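Once you've had a glance at the structure underneath, I'll fire off some questions.
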C-alpha cells in the first residue's frame, strides 16, 4: 500500500468527524458582484465561452504537474437525474475525447444523495487511482467536509454547485444564481405594472445556485413593488407544476411567472392555455421545448441560462492542472448569457430533443448531434 493511498484512507475516514457549515444565500455583496459580472467583458478565446473567464486571476498549478500521461480523471457527480445534467454529462464525455493526455475518466453518480456522494468521494480518494478529482456537489454544506478531506490528498476541481471552502484548485461556474435571478426578475419588472401578481416556481431547496436564484429574484420583485402571490416547489414534475399554476389561477390573476429552473416551463404554459388564459410574462430557461413554445406563441419572455457548456470546462481545467499550467482561480467565472427575443431564433433547433439545453456549446464536439439525442440535418 502506498503512502498516498494510506493518507487518502485516513483522510477519508476523518471526513465524518468534520462539521458541515451553513451558507448565506441572501448576500448583498455577492448579489452586487454578480450583477456587475453580468455586464463584464469576458477574457479568453472568442466564440469559446467555456474557456473564457470574467475575473483576471490565475492559480499556479506547477506543484500538480504529472507528466505527459495518460492521466486518470475522477468525477464525483451529484447525479444525472435531470435533462440539464444529462446534456452536461454528454458534453463532458465528448470533451474528454479531445484530450489524448486523459487516459481514463472514472465517473461515479451519487444519484442525488448527499450520503452516497460523500461515500463516493471517500472511495475515489482512498483508491489512490485519481490524478485529479472533479466534484459537482449534490448540496452545498453537506459536501463541504468531503471536499476538504479530498483536497488534503490530490488536486480538486469543483464546478456547477459550490461548497463552503476555498481548498479546491478552482471553482468553475457561470456568474451564478444571483445573476440568473437578477436577469429573470428584472425582465418581469420591466414588462409589468407596479403591483402586478407574480408566481414564483422553484424546483428544490438547499442547492446554492437555486437558493440564490430565488433570493435575487425575490429581492428585485419586492423592490419593484410587485406582488409575489406564491413561491412553490414543483419538484421538477410536470403534473405538479400544472396543478400549482391551475390552483393559483383559481385564486386570481397571474401577470408573470418566474422560474428558478425551466424544465417544466412548458407544463406551466399549458396550464394557462388549457384553462383559456393568455400566457403572461414568462421567465423560463434554454431548453428546446420552451424556446420553441416561446417562438410559436410570440411570448413576452426571457431565458436566463446556467449554460451546460460549463461541463466542458472542468476537463479543460484538469488537463491544464496536470500539465502544471495556470488556470483561472480561485474561481473560474464563466460568462452567463441570456436568450432574449433578439437572439431567440439562433437557439431554436427542432432537430434536438425537447429538453436539450441550447446553450450547450456542443455543436462542434465529437458525436454531435446524435450523442445528445438529436438528428443530423439533411
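What follows is calculated from the coordinates using simple rules that are stated; it is not laboratory data. Owing to the predicted nature of the structure, the values given are computational and were not obtained by experimental measurement. Ideal geometry is used to build each Cβ from the backbone, glycine not excepted, and the neighbour counts take in all protein chains shown.
Roughly speaking, what is the stretch gain from residue 32 to residue 115, that is 0.36 nm per residue apart minus the C-alpha to C-alpha distance, in nm to one decimal?
Taking 0.36 nm per residue and subtracting the Cα distance, the gain is 26.5 nm.
Which distance in nm do the two modelled labels at residue 251 and residue 62 give, with both placed 7 Å along the Cα-to-Cβ direction?
6.1 nm
Connecting C-alpha atoms closer than 10 Å in a GNM of the chain, tell me which of 62, 268, 150 has the biggest fluctuation.
Top of the fluctuation ranking is 62.
OK, next. Pairing the Cα long axis of helix 265-274 with the longest principal axis of the chain, what angle in degrees results, from 0 to 90 and rounded to the nearest 10?
Taking the Cα atoms of the chain, the angle to 265-274 is about 20 degrees.
Contact order normalised by length for the stretch 177-304, with contacts defined as Cα pairs under 8 Å and 6 or more residues apart; what percent is it?
Once normalised by length, the contact order is 28 percent.
Based solely on its DSSP helices, what 222 nm [θ] is calculated for the chain when runs of n ≥ 4 H residues each add -39,500 (n - 2.57) and the sum is averaged over all residues, nearest 500 deg cm²/dmol?
-11500 deg cm²/dmol
In addition: As a footprinting exposure proxy, order 306, 357, 64, 277 by other Cβ within 10 Å, with the fewest listed first.
Exposure proxy ranking, most exposed first: 277, 64, 306, 357.
May I pose another question? As I understand it, the value is the acute angle between the Cα axis of helix 140-151 and the longest principal axis of the Cα atoms of the chain; what does it come to in degrees, rounded to 10?
Taking Cα atoms only, the helix is inclined about 20 degrees.
Further question: Could you please rank 180, 187, placing first whichever residue has the fewest other Cβ atoms within 10 Å of its Cβ?
187, 180
Quick one: angle between helix 177-191 and the longest Cα principal axis of the chain, in degrees between 0 and 90, rounded to 10, please.
10 degrees
Ok, one more. Computed FRET efficiency, Cβ-Cβ of residue 274 and residue 375, R0 35 Å: what is it to the nearest 0.05?
0.75
Work out how much length residue 346 to residue 239 would gain on full extension: take 0.36 nm times their residue separation and subtract the Cα-Cα distance, in nm to one decimal.
Result: 35.5 nm gained on full extension.
GNM, the chain, Cα, under 10 Å: largest mean-square fluctuation among 338, 78, 323?
323
Okay, next question. With a cut-off of 8 Å between alpha carbons and a minimum separation of six or more residues, what is the relative contact order of the stretch 179-249 in percent?
Averaging sequence separation for qualifying contacts and normalising by length gives 40 percent for the stretch 179-249.
Using the Cα gyration tensor of the stretch 177-304, with a ≥ b ≥ c the square roots of its eigenvalues, what is the shape: rounded (a/c below 1.5), prolate (a/b larger than b/c) or oblate (neither)?
Rounded, since a/c falls under 1.5.
Taking square-rooted eigenvalues a ≥ b ≥ c of the alpha carbon gyration tensor, is the stretch 222-378 rounded, prolate or oblate, where a/c under 1.5 means rounded and, failing that, a/b exceeding b/c means prolate?
Verdict is prolate for the stretch 222-378.
What ranking of 172, 269, 254 emerges when the number of other C-beta atoms within 10 Å of each C-beta is taken as an exposure proxy, fewest first?
Taking fewest neighbouring Cβ atoms as first place, the list is 254, 269, 172.
Return a whole-number percent for the relative contact order of the chain, with Cα pairs under 8 Å and 6 or more residues apart as the contact set.
23 percent
In the Gaussian network model of the chain, springs joining C-alpha atoms below 10 Å, which of 250, 295, 336 carries the largest mean-square fluctuation?
Maximum fluctuation in the GNM of the chain, among the listed residues, is at 250.
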